[in-house]
Amino acid sequence: MDLKRQQLAAERKKAQLSLAKIKYGIEQCYQKSAQMLPMLADKSIPVDNLVKVSKLEMTEENIVGIHLPVIKELTIDVQKYSLFTEPHWVDQLVVQLKKMLQLKMQLQVEEQRVARLTEALKKVTQRVNLFDKVLIPKAQQDIRKIRIYLSDLERAGVVRAKSTKQKRLRNVHEITS
């Protein structure tokens with residue numbers, strides 16, 4: 001159980017690092033978009049719903065008995081727009097939006113992974129503590145009591161055997177005398 005706890009802690013650490021990397025990627029994407037596309041502040045150009053997730057296929061991987069979500073396939077569709085009526089920077093915006101949407105989906109999955117690993121680690125740690133601090137000491141105390149009881153029984157048996165032997169010897173001496 002302690003080994004499972006250690007493996008879960010290591011996996012949670014990996015998932016937290018991955019989560020931090022994704023958050024950093026999202027921040028970088030925001031900054032890059034703000035630098036490259038300051039014209040997004042102009043609300044007269046409709047850029048809503050340019051990209052959307054058309055297919056998201058999830059699967060699970062089993063790590064130390066914990067089922068964790070994994071993105072198997074992610075397809076992002078781009079809404080058709082006219083290259084002649086829309087500004088030239090919309091192409092770059094679409095690229096950034098696709099990247100951002102992909103990062104956001106990965107972020108959601110990674111947050112679920114961290115949450116599940118944290119919960120599993122909490123349960124396993126509770127079990128390890130239960131064994132280490134309650135059940136094992138109680139079992140050792142019970143074993144000690146049983147050993148004392150068995151040694152008392154053995155001692156009592158030896159004493160009875162000696163007293164029986166002495167009685168027999170007295171009886172033999174009385175009969176022969």
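The values are calculated or read from the model by the stated rules, or taken from the named source; none is laboratory data. No experiment lies behind these values; they were computed from the predicted model shown. All Cβ positions, glycine included, derive from the backbone under ideal geometry; neighbour counts span all protein chains shown. Surface areas here come from the heavy atoms of the whole protein model, side chains and all, with no ligands, DNA or RNA. Shrake-Rupley method; radii C 1.70, N 1.55, O 1.52, S 1.80 Å.
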> How about Lys165: which aspartates and glutamates have a C-alpha closer than 19 Å to its C-alpha, ignoring those fewer than 8 places off in the same chain?
Replying inline: Glu154, Glu174
> Counting Lys +1, Arg +1, Asp -1, Glu -1, what net charge surrounds Arg160 among other residues with beta carbon under 12 Å of its beta carbon?
Replying inline: +3
> Of the heavy-atom accessible surface of the chain (probe 1.4 angstrom), what whole percent is carbon and sulfur?
Replying inline: 56 percent
> Can you give the accessible area per residue of the chain, in Å², using a 1.4 Å probe?
Replying inline: 75 Å²
> Counting Lys +1, Arg +1, Asp -1, Glu -1, what net charge surrounds Leu103 among other residues with beta carbon under 11 Å of its beta carbon?
Replying inline: +3
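Local charge sum around Asn129 (other residues, Cβ-Cβ under 13 Å, Lys/Arg +1, Asp/Glu -1)?
Net of charged neighbours comes to +3.
Given charges of +1 on the Cβ of Lys and Arg and -1 on the Cβ of Asp and Glu, with all other atoms neutral, how large is the dipole of the chain about its Cα centre, in debye to the nearest 20?
On the way: 33 positive and 20 negative charges, 396 e Å.
The dipole magnitude comes to about 1900 debye.
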> With axes computed from alpha carbons, what is the tilt in degrees of helix 136-176 against the longest principal axis of the chain, rounded to the nearest 10 within 0 to 90?
Replying inline: 10 degrees
> Leu50: accessible area at probe 1.4 Å, nearest 10 Å²?
Replying inline: 10 Å²
>> If I stretch the segment between Leu153 and Val70 completely, what's the gain in nm (0.36 nm per residue apart, minus their alpha carbon distance), one decimal?
In response: 23.7 nm
> In the full protein assembly as shown, how much of Asp2 is accessible to a 1.4 Å probe, in Å² to the nearest 10?
Replying inline: 70 Å²
> Between Ala9 and Gln112, what FRET efficiency comes out of the Förster formula 1/(1 + (r/R0)^6) with R0 = 22 Å and r the beta carbon distance, rounded to 0.05?
Replying inline: 0.75
> What's the extension gain from Ala139 to Lys162 if we count 0.36 nm per residue and subtract their Cα-Cα distance?
Replying inline: 4.8 nm
> Which of the lysines could be linked to Lys13 by a straight reach, that is with a Cα gap under 16 Å, when you skip same-chain ones fewer than 8 residues away?
Replying inline: Lys4, Lys21, Lys23, Lys122
>> Which order do you get for Ile22, Ile143 if you rank them by accessible area with a 1.4 Å probe, largest at the top?
In response: Ile143, Ile22
>> At 1.4 Å probe size, what's the solvent-accessible area of Ile175? Round to the nearest 10 Å².
In response: 140 Å²
>> Charges on Cβ only, +1 for Lys and Arg, -1 for Asp and Glu, centred on the Cα centroid of the chain; of Gly157, Ala115, Leu97, which one is farthest towards the dipole's positive end?
In response: Gly157
> Which longest run of the chain has no exposed loop site in it, a site being trypsin sites (Lys or Arg not before Pro) in a DSSP loop with at most 10 other beta carbons within 10 Å, and the site itself not part of the run?
Replying inline: 81-177
